[in-house]
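Report on the following structure.
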Amino acid sequence: MEFLQTCIDGLLFGSAYSLLALSFSLLFGVMKRINLAFGSTLLLSAVFSLWIDSLFSIGIFGIFFLMIASSALINIYVEKLCFYPHSGKYGATVSMISSFAIWMQLDEMSSFLLPDRTASFPSFLPDSFFLKDLFIRIDQLFLFLIAVFMTSIFFYVLYKTNYGLLLRGVSFDGELAKKLGVNSGKISSFAFAFSGIFGAIAAFLILSTESQVTPFFGFWCTLKGLVAMMLGGIGSLPGAIIGGLFLGLVESNVINYLGAEYRDICTYLILLFILVVKPGGIMGSALLRDERAASERI
C-alpha cells in the first residue's frame, strides 16, 4: 500500500513535469530550438503577477490569467530577440546562446520584483481526502486532470488545426514553407506564445501546490522540463508526457525510500542510463525512425 501511495503521488505531480516537457518539446521537437530562458519567463510571469496582485488585489484567478498572458508575451519577446534574427546553418546554436544571455536578464528583472527572495503564492483546493487507505490531495489531483485536459488541447491544436499544420510544415522545411507563402515569423511567434501558455499553466499549478515562489523556480522549471523531455525522447510529444510521469514516479519513490537528498542524483543516474541504452530517450528512437522513413518517401 505504501508503494501504491508513493506511485500515485508521483504520477499526480509528474503531470506538471509533463506540461513543462511538452512546452520544451514544442520548441525543440517541432521548431528545432532550445530556449534556455524558458524557466525564467515563467518565474518572471509569476512574480510580475504577484506584484500586480499586491497593488490591485486581483485575486487568484486574476493571477492565473495574468500569468498566462504575461508568459505568452515574454516568450514572444524572447523569440523576437533571440530566435527570429538568427537562421541558417548555425542559427540554432546562436539562438540557444542568446537565450542564455536573456535568461540572466529575466532573472534580474524577477529579483527586482521579488526583493524578499521568497513570496507566498495563493493556494486553491487545499483539502484532501482518503480513498480507502490512499491519501489523495485535491490540488494535486486537479493538477493531474488539468494536465490531461491541456495535453488533449495541445495535440488537437498541433494535429487538427491549420496553425498546427503550418507549424509542422515550417519545422519540416522552413525554406519550402516560405516559398509557399507561409509567414514563418508569425508561426514561430505562435509556437513560442503557445509554449509560454502551457508553461504558465504548469507553473501556476506547481506554485499553488507549493504555496511559495523563490528565485530558483525558473532554473528548476528549465531543469525539470529538459530532463523530462530527454527521458521521454527528445522531440517526441508522447515521449514528453511519458518522461514527465516517469520523472514524477522516480522522484517520489527515491524520496520515500532513500530520502530527499538522493532525489536529484538518482534522477540524473537514471537519465544517464537511459541515454546510454537509448540515446534518443524512451520514445526518441521511434521518432527518428519515422522522420527518416518520411524523408525517404519524399
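The values are calculated or read from the model by the stated rules, or taken from the named source; none is laboratory data. Predicted model only: the values in this text are computed from it and were never measured. Accessible surface areas use protein heavy atoms only, side chains included; no ligands, DNA or RNA. Shrake-Rupley method; radii C 1.70, N 1.55, O 1.52, S 1.80 Å.
Can you give the Rg to Rh ratio of the chain, both from alpha-carbon atoms, with Rh computed by the Kirkwood formula?
Values: Rg = 19.3 Å, Rh = 19.8 Å.
That ratio is 0.97, to two decimals.
In order along the stretch 199-212, phi translates into HN-Hα couplings of x, 5, 5, 4, 5, 4, 5, 5, 5, 5, 6, 8, 6, 7 Hz, rounded to whole numbers, per the Karplus curve 6.51 cos²θ - 1.76 cosθ + 1.60 with θ = phi - 60° and x for Gly and Pro. Counting 0.36 nm for each residue step from M104 to F219 and taking away their Cα separation leaves a gain of 40.3 nm.
Here the Karplus relation 6.51 cos²θ - 1.76 cosθ + 1.60, evaluated at θ = phi - 60°, turns the backbone of the stretch 10-16 into coupling constants of x, 5, 5, 6, x, 5, 5 Hz, with x for every Gly and Pro.
Surface exposure of the chain, expressed per residue as accessible area with a 1.4 Å probe, stands at 49 Å².
Solvent-free Debye calculation, one equal scatterer per alpha-carbon of the stretch 10-122: log10 I(q)/I(0) at 0.10, 0.16, 0.18 Å⁻¹ equals -0.34, -0.81, -0.97. Separation of the stretch 222-255 and the stretch 183-204, taken as the distance between their Cα centroids, equals 20 angstrom. Measuring nothing but protein heavy atoms, the accessible surface of the chain at 1.4 Å probe radius is 69 percent carbon and sulfur.
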